[in-house]
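Report on the structure given below.
The values are calculated or read from the model by the stated rules, or taken from the named source; none is laboratory data. Please read all numbers here as calculations on a predicted model, not as lab measurements. Please note: Cβ atoms are built from the backbone with ideal geometry, for glycine as well, and neighbour counts cover all protein chains shown. Each accessible area value is taken on the protein alone, full model and side chains, heavy atoms only, with ligands, DNA and RNA left out. Shrake-Rupley method; radii C 1.70, N 1.55, O 1.52, S 1.80 Å.
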Amino acid sequence: QVQLVESGGGLVQAGGSLRLSCEASGRTFNSMGWFRQAPGKERQFVATITWSGGITYYADSVKGRFTISRDNAKNTVYLQMNNLQPEDTAVYYCASARTRSITVIRGEYNAWGQGTQVTVSS
């Protein structure tokens, strides 16, 4: 099973940007995704991308502000987050799906990173 390690989280002011990275221990041909979990809330879908990078899908709450991409040569997935808002504060998790199709269902992801904290101050 692929191992995932996220990095790039931190503290930023509202309106700022961060770029999260997720490095996989091995190559995966399946879709990859980002989820986030705020304190006291369930983990929720943020964005997903197919292996080719040709298809992406976003949660409505981040559409137009976040961009998911991947570099298969580096086994790395990225999440560029612009115009961050306090409601984006959460632990962000990278995940590898068990399918090559786009999926927003948490149960369709079978490998998870340890998470990276993103805090947005107002």
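Taking each residue as 0.36 nm, the span from Asn75 to Ser122 lengthens on full extension beyond its C-alpha to C-alpha distance by 13.5 nm. Each Cα pair under 8 Å and six or more residues apart adds its sequence gap; the mean of these over the residue count of region 1-101 is a relative contact order of 37 percent. The Cα center of region 16-59 and the Cα center of region 76-111 differ in position by 3 Å. Here is the list for region 51-109: trypsin sites (Lys or Arg not before Pro) lying in DSSP coil, each with at most 15 other C-beta atoms within 10 angstrom of its C-beta, are Lys63, Arg65, Lys74, Arg98, Arg100. Note on Arg19 and Glu87: the extension gain reaches 22.8 nm, defined as 0.36 nm multiplied by sequence separation minus the Cα-Cα distance. Summing +1 for each Lys or Arg and -1 for each Asp or Glu among the other residues whose beta-carbon sits under 15 angstrom from that of Val120 gives +1.
Divide, for region 1-113, the radius of gyration over alpha carbons by 2.2 N^0.38 Å, where N is the residue count. Walk me through the numbers on the way to the answer.
Details: Rg = 13.0 Å, N = 113, 2.2 N^0.38 = 13.3 Å.
Here the answer is 0.98, to two decimals.
When the surface is traced with a 1.4 Å probe over the full set of protein chains, Tyr57 keeps roughly 110 Å² accessible. Karplus-based coupling profile of region 29-39, in residue order and whole Hz: 9, 8, 5, 10, x, 10, 10, 9, 9, 8, x, with θ = phi - 60° in 6.51 cos²θ - 1.76 cosθ + 1.60 and x standing for Gly or Pro. Whole-Hz Karplus values for region 84-97 come out as 5, 10, x, 6, 7, 4, 4, 8, 9, 10, 8, 8, 10, 7 Hz, taken residue by residue from phi with 6.51 cos²θ - 1.76 cosθ + 1.60 and θ = phi - 60°; glycine and proline positions read x.
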